[in-house]
Ligand code: GLY
């Protein structure tokens, strides 16, 4: 993966010229449709729906449902997510917030013991770790409000695959191995996701009859088929029996929210990304506002890397301090994303020396992996688009399945700060803004993003826990430099999240010389190790589509770090 950031020259359009450039592109439709997802069967399902007369929003529902079937370690009916939608006909853009909500019986210190220490694993394994899922409500909403096909049609591929089975792949086996002990702890889970209580062999046909029935219940009754009636009763009974705190009212009252995306501008490129309860859009906006104070093209490779690291450090620090569910806390969005604030922040950046994170302002410590969650990107023939990042949080979520329902409950409660200053599974720390409250949504890093400029558009996103936002930043800079979809996803990655004070990087992100120069400035560099042993690893699983309007060409790419598939086709 030799494709270091090049930041080819950018045309610094004035707002006036930008307006006319965008106007010239209005009404133009893409020559082809495109889909990029983390699993070939999900990509196929999306294609099937587009070919059957559905639009990008129908395909998004189908892909969401299929990913839940074939990547149960990453997403599913028991999880949540953000679906960023663009409707071409009226240039309407919205973020559907289907993030999980804390049950009403949740409380601030629910994961602390008598001494006030975090109880290890309590917010990760088992039903106490689960927020009220948002995926079923989001799918029903998107299909009803934005789609053209009936839910029965959109969910048909997922039902077929759940009932008929899918062949277990190497990725499934690796992730199941990592969570084996917890999967074995819950018999209803082991029965579905293991074989003879062990990781299923390669090619094993994994059938999910109960999941097919649950999907059919949603087809019959829409949102109510999940959140009310027999299924809801079954969920609440089993969760309570196993130590959880869900109630029937929690399910009945679950609501998705349509939110205005966070928008920012970087040298003629618009970034449209996730609003709170995601931290993604705000952190991205803050980082590009800081970067705008410099001319990246004029900097040496080491200077550019140093600057981007310093910018990440500052944005992730603010994430820890200020961000949370904006329905509950006052998130200073305008200030954090303003040029004036960025100018203040960059005053502390020295080009010859790394700023120690402890020198910024206290909030935290360590770090973790993040191969869970999933992302997909869709462009249809009319120019409608979807960027969606969906999750059950940690691999296989809480590993808890309610008998008879077929899906894993999330462990998204771990994304709250269980105790201010103490790191979660991703090493992220938080403050009061992200403390647990009944009905609140935990802060997320999921950042489905659209990029729009004079050249065209890009649809991007990735899983990867705390590293999602830094991956999307690097991808956005690469697109701004003129890249196609392949070049956007294969870019080697590096990451800094304020605490721990280290630069994580993929093996080929820096040349030896750049690594030395960064170390000389005081950066502590840590090569990303493979989570499976055997050397240096990679992280993320980006799914990207680029529609280059100048070339009248659509490109799509699924990250070579994963097993996904991208297609560009005549719809
Ligand atoms: N569960 C990962 C995230 O929302 O950031």
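FYI, it's all coordinate maths here, none of it is from the lab. Nothing here was measured: the structure is a model prediction, and the numbers come from that model. Glycine also receives a Cβ, built like all others from the backbone with ideal geometry; neighbour counts cover every protein chain displayed.
Things worth noting here:
- Sequence of 504, 351 once ranked by neighbouring C-beta atoms within 10 Å, starting from the fewest: 351, 504
- Exposure proxy shown here: for 272, 436, the number of other Cβ atoms within 10 Å sets the order, fewest to most, as 436, 272.
- Per-residue extension of 0.36 nm, minus the Cα-Cα distance of residue 163 and residue 205, leaves a gain of 14.1 nm for this segment.
- Net lengthening on full extension, residue 117/residue 513 (0.36 nm per residue, minus Cα-Cα): 138.2 nm
- Label point distance in nm, residue 237-residue 351, each placed 7 Å from Cα along Cα→Cβ: 6.9
- Highest to lowest packing among 521-528, 564-571, scored as the average C-beta count within 10 Å: 564-571, 521-528
- Mean separation of Cα contacts under 8 Å, 6 or more apart, over the residue count of segment 435-571: relative contact order %: 24
- Cα gyration tensor shape for segment 122-210, rounded if a/c is under 1.5, else prolate or oblate: oblate
- The chain - mean residue ellipticity at 222 nm from DSSP helices (-39,500 (n - 2.57) per run, n ≥ 4, rounded to 500): -10000 deg cm²/dmol
- A P(r) calculated from all alpha carbon pairs of segment 380-519, with 5 Å bins opening at zero, reads 2, 8, 14, 16, 17, 15, 13, 10, 5, 1, 0, 0 percent.
- In this calculation the C-beta distance from residue 174 to residue 422 is compared with R0 = 22 Å, giving a FRET efficiency of 0.20.
- Gyration tensor (alpha-carbon) shape descriptor, the chain, a/c threshold 1.5: oblate
- Computed from the C-beta positions of residue 228 and residue 105 and an R0 of 22 Å, the FRET efficiency is 0.70 to the nearest 0.05.
- Rounded to the nearest 0.05, the FRET efficiency derived from the C-beta distance between residue 260 and residue 148 at R0 = 30 Å is 0.75.
- Order of 297, 437, 321 under a 10 Å beta carbon neighbour criterion, fewest first: 297, 437, 321
- Potential lengthening between residue 197 and residue 213 on full extension [0.36 nm per residue; Cα-Cα distance subtracted]: 3.4 nm
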